[in-house]
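Below you'll find the structure, written out as structure tokens, and then a few comments.
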Amino acid sequence: MIDFSLTDEQSALVKRVEEFIREEIVPLERDPRQGPHGPAEALRREMVEKARAAGLLSPHGPKEYGGLGLNLRGMAVVFEAAGWSPLGPLALNIQAPDEGNTNLLEKVASPAQKEKWLKPLVRGEIRTVFSMTEPDGGAGSDPSLMRTTARRVGDDYVINGRKWLITGAPGASINIVMARTEDSSGKDLGATMFLVDMDAPGFSIKRILNTLDSNSPGGHAEVEFHDVRVGPERILGEVGKGFRYAQVRLAPARLTHCMRWLGAARRAHAIATDYARKRQAFGRAIGEHQGVGFMLADNETDIGLCRLAIWHAAWMLDQGSQARLETSMYKVYCSEALGRVVDRSLQILGGMGITDDTVVERIYRDIRPFRIYDGPSEVHRFAIARTILGRAK
């Protein structure tokens with residue numbers, strides 16, 4: 001039987017995070033240092049310093065580099081508490097893609113690479129990006145279509161190609177790049193991950209994309225690699241094992257997305273519930289009408305079931321299970337269920353819901369892409385169905 005109860009230490013930590021988010025971060029939600037392409041770096045650093053002073057920075061990071069070293073079960077409750085504010089994950093340094101890259105570097109990077117990049121990342125001193133998705137028929141949901149190449153020239157590798165929807169590129173320090181690797185004769189060696197400096201000769205940000213969401217510093221970019229040369233010390237892990245490492249990163253990252261967005265959905269539901277108690281229509285509070293009351297009930301159900309799903313998946317991963325199928329199922333379920341919670345909350349607010357008088361409008365815009373990134377729902381369903389059909393009869 002799985003024990004979902006919190007330890008005294010976890011309960012105390014969650015309370016501290018909740019108080020920190022409400023007292024220090026929520027008041028910054030209307031800070032003018034935010035725009036359509038996310039919060040400015042100055043605002044991010046200010047919030048990181050607040051979290052550092054509170055002893056809450058990088059709950060997912062290794063203790064030896066300044067993190068709190070939580071396992072996934074501990075992360076589940078802390079990430080949910082941080083997600084109460086759209087700025088909360090950024091303040092605690094658990095925003096994507098940095099959170100997923102921290103996990104990847106911890107598990108795959110060499111000691112020298114960890115000292116150079118993981119250490120300042122956990123301390124909140126730098127930001128990172130992860131470059132895999134490509135435009136124009138390249139790698140997306142089907143990574144086998146990858147067009148970006150890294151050809152060996154002597155001891156080095158020369159990278160050419162384009163990537164897009166690359167989150168946080170402006171202002172980042174290091175770029176983890178997936179490329180189809182070739183030896184000097186052109187033989188395909190499989191995908192490899194490389195650590196590329198953002199100011200490397202031949203690398204450029206071609207354009208910043210205007211997107212629905214606005215919760216990541218730097219927004220989302222299209223980038224280009226033109227004869228970008230990197231040495232063998234910039235290989236992350238081993239040549240040809242890029243897709244394997246991608247799963248090391250993506251499986252937990254799907255779950256941590258669910259954790260953060262659970263907190264955001266709870267915030268939207270709380271605002272809608274408060275409004276439903278106070279707003280009057282036809283002689284009573286609107287929450288007393290079945291149309292609104294049933295939406296609140298459905299919200300509570302979706303929130304509760306998502307929390308159970310997240311805790312179950314976190315428990316399995318902490319036990320060493322690969323849980324690849326399960327994280328696909330939970331990512332689909334939570335992205336859609338939590339999206340419904342926010343949608344109902346906006347509907348309950350009526351005309352106010354489409355204004356920025358509350359944070360619900362912002363959460364609504366930010367949570368919609370959750371059904372697309374880290375694999376669209378349809379791709380995960382396809383993978384789940386394929387697994388079902390392939391089971392022995």
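Quick note: the coordinates plus some simple rules give every number you see, no bench work behind them. Predicted, not measured: the structure shown is a model, and the values here were computed from it. Methodologically, a virtual Cβ is constructed for each residue, glycine included, from the backbone with ideal geometry; neighbour enumeration extends over all protein chains shown.
Ranking request for peptides 263-274, 109-120: highest mean number of other beta-carbon atoms within 10 Å first, then the rest in descending order. If you can, show how the numbers build up before the last one.
Details: 263-274: 22.1, 109-120: 16.0.
Peptide ranking by packing, descending: 263-274, 109-120.
Reported value for the range 128-237: 100 Å³ per residue, from the convex hull of its C-alpha atoms.
Using the beta-carbon distance between LYS107 and PHE282 and R0 = 45 Å, what value does 1/(1 + (r/R0)^6) give for FRET efficiency, to the nearest 0.05? Present the calculation step by step, with values, prior to reporting the outcome.
Details: r = 58 Å, r/R0 = 1.28.
About 0.20, to the nearest 0.05.
Here the spin labels are modelled as points 7 Å beyond Cα on the Cα-Cβ line, and at SER321 and ARG207 they lie 4.4 nm apart. Between the range 1-32 and the range 164-209, the C-alpha centres lie 36 angstrom from each other.
Phi angles across the range 372-378 convert, under the Karplus curve 6.51 cos²θ - 1.76 cosθ + 1.60 with θ = phi - 60°, into 3J(HN,Hα) values of 10, 6, 6, x, x, 3, 5 Hz, Gly and Pro given as x.
Taking only DSSP H segments of four or more residues, each worth -39500 (n - 2.57), what value at 222 nm results for the chain once the sum is divided by all its residues, to the nearest 500 deg cm²/dmol?
It lands at -14000 deg cm²/dmol.
Per the Debye calculation on the range 1-91 with a single equal scatterer at every Cα and no solvent contribution, log₁₀ I(q)/I(0) for q = 0.22, 0.23 Å⁻¹ amounts to -1.10, -1.17.
If you count Lys pairs in the chain whose Cα atoms are under 23 Å apart, skipping same-chain pairs closer than 8 places in sequence, the total is 18.
Computed from the Cα positions only, the extents of the chain along the three principal axes stand at 79, 57, 43 Å, in decreasing order.
You can think of it this way: the chain between PHE243 and GLU115 has 43.7 nm of extra reach, that is 0.36 nm per residue less the Cα-Cα gap.
Summarising the label geometry, the points placed 7 Å from Cα in the beta-carbon direction at LYS187 and ARG22 lie 6.3 nm from one another. Test of understanding: in a Gaussian network model of the chain with alpha carbons linked when under 10 Å, which of GLY61, GLY88, GLY69 would top the mean-square fluctuation ranking? Highest fluctuation among the options: GLY69.
For GLU182, the shell of other residues with beta-carbons less than 10 Å away shows a net charge of +2, using +1 for Lys and Arg and -1 for Asp and Glu.
Mean sequence separation of contacting Cα pairs (under 8 Å, at least six apart), scaled by the length of the chain, corresponds to a relative contact order of 16 percent.
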